[in-house]
Amino acid sequence: MLLALAIVGISAVVIRRTALGMLIESVGGNAEASRLAGVRARGLIWLVYAFCGLCAGVAGLMISSNTSAADGNNAGLGSNSTLSSLSSSAATQLSGGRFSIGGTVVGALLIQTLSTTIYTIGIPPETTLLFKALVVTAVCLLQSPAFRARLAGRRRRRLAAPAPPTGTPGTVDDPNVAVTA
């Protein structure tokens, strides 16, 4: 836990307090525009992938140290690091290269909480990935500008639609019948 907190802290400082973080975010937003502005986009992309590989390697060492037997085929089975990184990278792509360290941490905690809850309830472990995939899909959809615009359009149409008449035809409650006194 301390190692994870240290890596998150160092990453947050580098990304939010240095020019390197600004360059990484600009390449994530539009790599071609950054390249035309003089930023070595390809080198930054390789640097970010190398850092992700380093973090995955540290996570792999931590997972393998937690097992009592060496099983290379099933050691990472059921670990949440792959799904968390997938959801955070999908969310980064949907938000146009903008990213949030806090959002990534919250996403990883959400996935871990979901796993623990599913195991505690007694649902078979084979179905855990289905629940995680549904949550990741829902989060990605909610972060998609196109999906949010479509939801907002439906909401506007529903609010703007006239209310159906409530009365029965030919009675005083019917809005089409004029009442004279």
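The values are calculated or read from the model by the stated rules, or taken from the named source; none is laboratory data. Note that this is a predicted model, so its numbers are computed, not measured. Cβ: placed from backbone, ideal geometry, glycine included. Neighbour counts: every protein chain shown. Surface areas here come from the heavy atoms of the whole protein model, side chains and all, with no ligands, DNA or RNA. Shrake-Rupley method; radii C 1.70, N 1.55, O 1.52, S 1.80 Å.
What's the total number of residues in segment 1-38 that are farther than 20 Å from Gly57 by Cβ, hydroxyl-bearing (Ser, Thr, Tyr) and either modelled with pLDDT under 85 or surrounded by 12 or more Cβ atoms within 10 Å (Cβ to Cβ) (or both)?
So the count comes out to 2.
Please determine, by comparing only the residues of segment 118-146 that are part of a helix (DSSP H, G or I) and over 19 Å from Ala108 (Cα atoms), which one is farthest from the chain's Cα centre (by Cα).
Filtering segment 118-146 for residues that are part of a helix (DSSP H, G or I) and over 19 Å from Ala108 (Cα atoms), the one farthest from the chain's Cα centre (by Cα) comes out as Ile121.
Only one residue in Val13, Val39 is within 19 Å of Ser100 (Cβ to Cβ) and of a type in the set (A, V, I, L, M), so which one is that?
Val13 is the lone residue from the list that is within 19 Å of Ser100 (Cβ to Cβ) and of a type in the set (A, V, I, L, M).
Does segment 40-48 include one or more residues that are over 20 Å from Gly107 (Cα atoms), modelled with pLDDT of 85 or more and within 22 Å of the chain's Cα centre (by Cα)?
The answer is yes, given that some residue of segment 40-48 is over 20 Å from Gly107 (Cα atoms), modelled with pLDDT of 85 or more and within 22 Å of the chain's Cα centre (by Cα).
Looking only at segment 147-162, count how many residues are open to solvent by less than 70 Å² (accessible area, probe 1.4 Å) and part of a loop (DSSP other than H, G, I, E, B).
1
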